[in-house]
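A.B. asks: I'd like to ask you about the structure that follows.
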Amino acid sequence: MRADAVRGHLDGLLLAVLEPGPLHGYAIITAVQQRSGGALELRTGTIYPALNRLERIGLLASSWESVGDRRRRCYRLTEAGRRGLATERTAWQEFTAAIGSVLNPSAAPRTAS
């Protein structure tokens with residue numbers, strides 16, 4: 001899948017994979033890849049700036065955790081992040097319905113004229 005296909009939907013993807021619980025960066029990348037059946041492969045240079053931005057605007061919170069001798073930053077949804085995810089899901093449903101109506105007009109709901 002083209003990298004630009006994710007553009008505009010990255011926030012929703014990140015919020016969705018963090019919904020079940022906190023994850024560190026590499027686990028987020030892995031979760032997106034697994035949940036997409038391997039179709040989406042995010043790069044660290046893409047997700048870390050997005051995670052930092054989502055944290056700055058209050059949709060995520062982070063903390064440092066130690067695993068053995070390594071420290072890693074784990075991200076979790078805030079209450080605002082849960083509301084943001086609900087908004088992203090609604091927007092995605094509206095977007096896919098509109099695009100589907102154009103690409104597959106025979107499946108589009110009929111409107112009264």
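The values are calculated or read from the model by the stated rules, or taken from the named source; none is laboratory data. In this text the structure is predicted, and so the values were computed from the model without any measurement. Here Cβ is always computed from backbone atoms with ideal geometry, including for glycine, and neighbour counts include all displayed protein chains. Heads up: the accessible areas ignore ligands, DNA and RNA and are worked out on the full protein's heavy atoms, side chains in. Shrake-Rupley method; radii C 1.70, N 1.55, O 1.52, S 1.80 Å.
A.B. asks: Of the heavy-atom accessible surface of segment 29-102 (probe 1.4 angstrom), what whole percent is carbon and sulfur?
C.D. replies: Result for segment 29-102: 50 percent of the exposed heavy-atom area is carbon or sulfur.
A.B. asks: Okay, next question. Any idea of the accessible area per residue across the chain, 1.4 Å probe, to the nearest Å²?
C.D. replies: Averaged over the residues of the chain, the accessible area is 69 Å².
A.B. asks: As a test of the formula, what do you get for the chain when each DSSP H run with n ≥ 4 contributes -39,500 (n - 2.57) and the sum is divided by the residue count, at 222 nm and rounded to the nearest 500 deg cm²/dmol?
C.D. replies: Helix-only estimate at 222 nm: -16500 deg cm²/dmol.
A.B. asks: Next question. If you bin the C-alpha pair distances of the chain every 10 Å from 0, what whole percents do you get?
C.D. replies: P(r) for the chain, in whole percents per bin: 13, 39, 29, 12, 5, 1, 0.
A.B. asks: State, to one decimal in nm, how far the label point of residue 70 lies from the label point of residue 99, with both points 7 Å from Cα in the Cβ direction.
C.D. replies: Output for this residue pair reads 3.4 nm.
A.B. asks: In addition: If packing is taken as the mean number of other Cβ atoms within 10 Å per residue, what is the order of 42-54, 11-23, highest first?
C.D. replies: 11-23, 42-54
A.B. asks: Going by alpha carbons, how many degrees (0 to 90, nearest 10) lie between the helix axis of 44-56 and the longest principal axis of the chain?
C.D. replies: The two axes meet at around 90 degrees.
A.B. asks: Which value, in Å² rounded to 10, gives the accessible area of residue 106 with a 1.4 Å probe and all protein chains present?
C.D. replies: Number for this one is 100 Å².
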